[in-house]
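First the structure, in the form of structure tokens, and then the observations on it.
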Amino acid sequence: MSVDPNAATQGFPSPRPAERPSSAARYLVPALVAAAVAVALGAYGTVHDPAGTAFNLAGFSSTGAVKSWLATVAILFAVVQFLSALMLYGRLPGPSWSGALHRWSGRAAFLVSVPVAVHCLYALGYQTYETRVFWHSLLGCFFFGVFSAKMLLLRSERLPTWLLPIVGGLVFTALTIIWLTSALWFFRTFGVTA
């Protein structure tokens with residue numbers, strides 16, 4: 001049996017092109033996910049009965065020291081993220097591999113911040129007993145929410161050129177204030193100890 005390559009094809013309907021989400025949905029879904037993540041973390045931290053401790057690493061004097069050093073590593077990676085973002089947007093000269101540097105420093109900052117957040121939520125919960133602690137709790141929830149939005153926006157096509165720098169700036173600013181209200185406070189109060 002032979003097949004004629006020039007023969008007419010059967011009348012199957014042509015596949016419809018994939019529908020793109022509307023422009024409002026491209027922004028609304030990440031915003032709703034960000035809000036859901038932030039509210040869920042805050043709600044869990046509020047209703048969870050704090051355990052007092054979640055982990056400790058050998059070689060550190062306390063869980064506060066562990067958290068402070070991990071947060072410091074995270075903020076150092078975040079500074080690399082910020083500088084590499086400036087390179088990507090042409091604000092600073094940079095090597096051809098600045099995109100890879102940006103992605104990997106962001107991944108490292110996030111991975112290092114997760115055990116700190118888990119400890120904060122599980123061991124301490126969402127606290128409001130003083131201004132510093134309130135802002136730390138609030139911005140900790142906000143950080144993971146806006147980070148989630150940024151990750152979703154990265155997959156969107158045809159975003160305005162200003163959107164990712166603003167969302168990335170919110171992530172960086174939140175992490176910086178979190179570090180100032182926790183690790184820097186710890187180092188100033190208890191000394192730079194391990």
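The values are calculated or read from the model by the stated rules, or taken from the named source; none is laboratory data. Just so we're clear, the structure is a prediction, and the values are computed from it rather than from any experiment. No Cβ is skipped: glycine too gets one built from the backbone with ideal geometry, and neighbour counts run over all protein chains shown. Accessible surface areas use protein heavy atoms only, side chains included; no ligands, DNA or RNA. Shrake-Rupley method; radii C 1.70, N 1.55, O 1.52, S 1.80 Å.
Tabulated data for the structure shown
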| item | result |
| --- | --- |
| Every residue from region 13-68 that is among the polar types (S, T, N, Q) and at pLDDT 85 or above | Thr46, Ser68 |
| Every pair of residues 6+ apart whose Cβ atoms lie under 7 Å, when the first sits in region 171-194 and is touching a residue at least 12 places away in the same chain (Cβ under 8 Å) while the second is of a type in the set (Asp, Glu) and open to solvent by 30 Å² or more (accessible area, probe 1.4 Å) | none |
| Considering residues of region 102-147 that are open to solvent by less than 30 Å² (accessible area, probe 1.4 Å) and hydroxyl-bearing (Ser, Thr, Tyr) only, the residue farthest from Val80 (Cα to Cα) | Ser137 |
| Residues of region 128-170 classified as more than 18 Å from Ala35 (Cα to Cα), touching a residue at least 24 places away in the same chain (Cβ under 8 Å) and among the polar types (S, T, N, Q), total | 1 |
